[in-house]
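Input: a single structure, listed below in structure tokens.
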Amino acid sequence: MGVEEFEQARKARLRVRVGAVIVVVLVALGCAVLATALTGSPTAVEIARGELGSGDGAFAVESPALFVHVTGAVVRPGLFELTEGSRVIDAIAAAGGFAEDAKQDQLNLARVLTDGEQFAVPAVGDEAAAATASDGRVNLNTADAAALDTLPRIGPAMAARILAWREANGRFTSIDDLRNVAGIGDATFDGLRDLVTV
């Protein structure tokens with residue numbers, strides 16, 4: 001075998017070895033992807049809620065924080081830091097859950113929370129106190145239809161619209177938010193301004 005033939009044979013063996021290495025690397029990557037799929041990758045809900053573990057190999061997802069003040073009939077009332085997109089039920093869970101005397105049907109547990117929000121979980125017998133402030137004004141954020149119906153120019157239909165607006169938009173942040181409720185014009189608002197609070 002001449003030098004030229006030897007050199008060609010060496011190059012051919014080198015090409016085979018490089019090809020084999022590439023095949024091994026591709027097979028290893030395929031196995032890694034398959035192993036990840038079989039062991040369970042995080043779901044979109046886990047990622048959105050930050051429910052991923054903190055151990056080795058776990059994903060760390062940082063969500064913007066919001067602070068919510070939970071009062072009333074919960075195990076541990078207080079201020080809680082939650083992830084953006086959290087709902088009323090998440091805040092109640094952070095507060096240790098409902099107290100034994102909580103009126104659980106008085107809250108929309110699926111409502112999305114806003115930063116800086118405060119809400120009270122009413123207890124049995126607290127309905128009147130929650131709906132009316134100490135100065136006698138009706139609280140737009142805690143009043144039920146019966147409490148709203150005591151206001152001038154607010155009948156059952158208008159009370160239902162106020163409750164529907166609160167359900168869709170979250171708590172009233174100011175009395176002026178009443179202007180956003182369908183059917184409340186300037187005259188009605190002027191008559192309510194001194195009789196309601198948030």
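The C-beta contact set for segment 91-119 (first residue closer than 23 Å to residue 169 by Cβ, second residue in a helix (DSSP H, G or I) and of a type in the set (Asp, Glu), distance under 9 angstrom, 6+ apart or interchain) comprises 103/127; 106/127; 108/167; 111/167; 113/90.
Scanning segment 136-183 for residues that are in contact (Cβ under 8 Å) with a residue 24 or more places away in the chain, of a type in the set (A, V, I, L, M, F, W, C) and crowded, with 18+ Cβ neighbours inside 10 Å gives 138, 140, 151, 154, 158, 172, 178.
What residue, of 163, 151, 109, 178, is part of a loop (DSSP other than H, G, I, E, B), over 16 Å from residue 74 (Cα atoms) and not small (Gly, Ala, Ser)? Quick ask: steps written out before the conclusion?
On the way: 163 fails: part of a loop (DSSP other than H, G, I, E, B); 109 fails: over 16 Å from residue 74 (Cα atoms); 178 fails: part of a loop (DSSP other than H, G, I, E, B).
Just a single option satisfies the conditions, and that option is 151.
So that you can scan it fast, the table gives a plain yes or no per residue for (1) of a type outside the set (Val, Ile, Thr); (2) at pLDDT below 65; (3) part of a helix (DSSP H, G or I); (4) surrounded by 10 or more Cβ atoms within 10 Å (Cβ to Cβ):
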{"site": "7", "(1), (2), (3), (4)": "yes, no, yes, yes"}
{"site": "14", "(1), (2), (3), (4)": "yes, no, yes, yes"}
{"site": "34", "(1), (2), (3), (4)": "yes, yes, yes, yes"}
{"site": "42", "(1), (2), (3), (4)": "yes, yes, no, yes"}
{"site": "48", "(1), (2), (3), (4)": "yes, yes, yes, yes"}
{"site": "59", "(1), (2), (3), (4)": "yes, yes, no, yes"}
{"site": "71", "(1), (2), (3), (4)": "no, no, no, yes"}
{"site": "81", "(1), (2), (3), (4)": "yes, no, no, yes"}
{"site": "91", "(1), (2), (3), (4)": "yes, no, yes, yes"}
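Residues of segment 93-106 that are over 20 Å from residue 166 (Cα atoms) and either outside any helix (DSSP H, G or I) or within 12 Å of the chain's Cα centre (by Cα) (or both): 95, 96, 97, 98, 99, 100, 101, 102.
The values are calculated or read from the model by the stated rules, or taken from the named source; none is laboratory data. All values derive from a computational prediction rather than experimental measurement. All Cβ positions, even for glycine, are placed from backbone atoms using ideal geometry, and neighbour counts span all protein chains on display.
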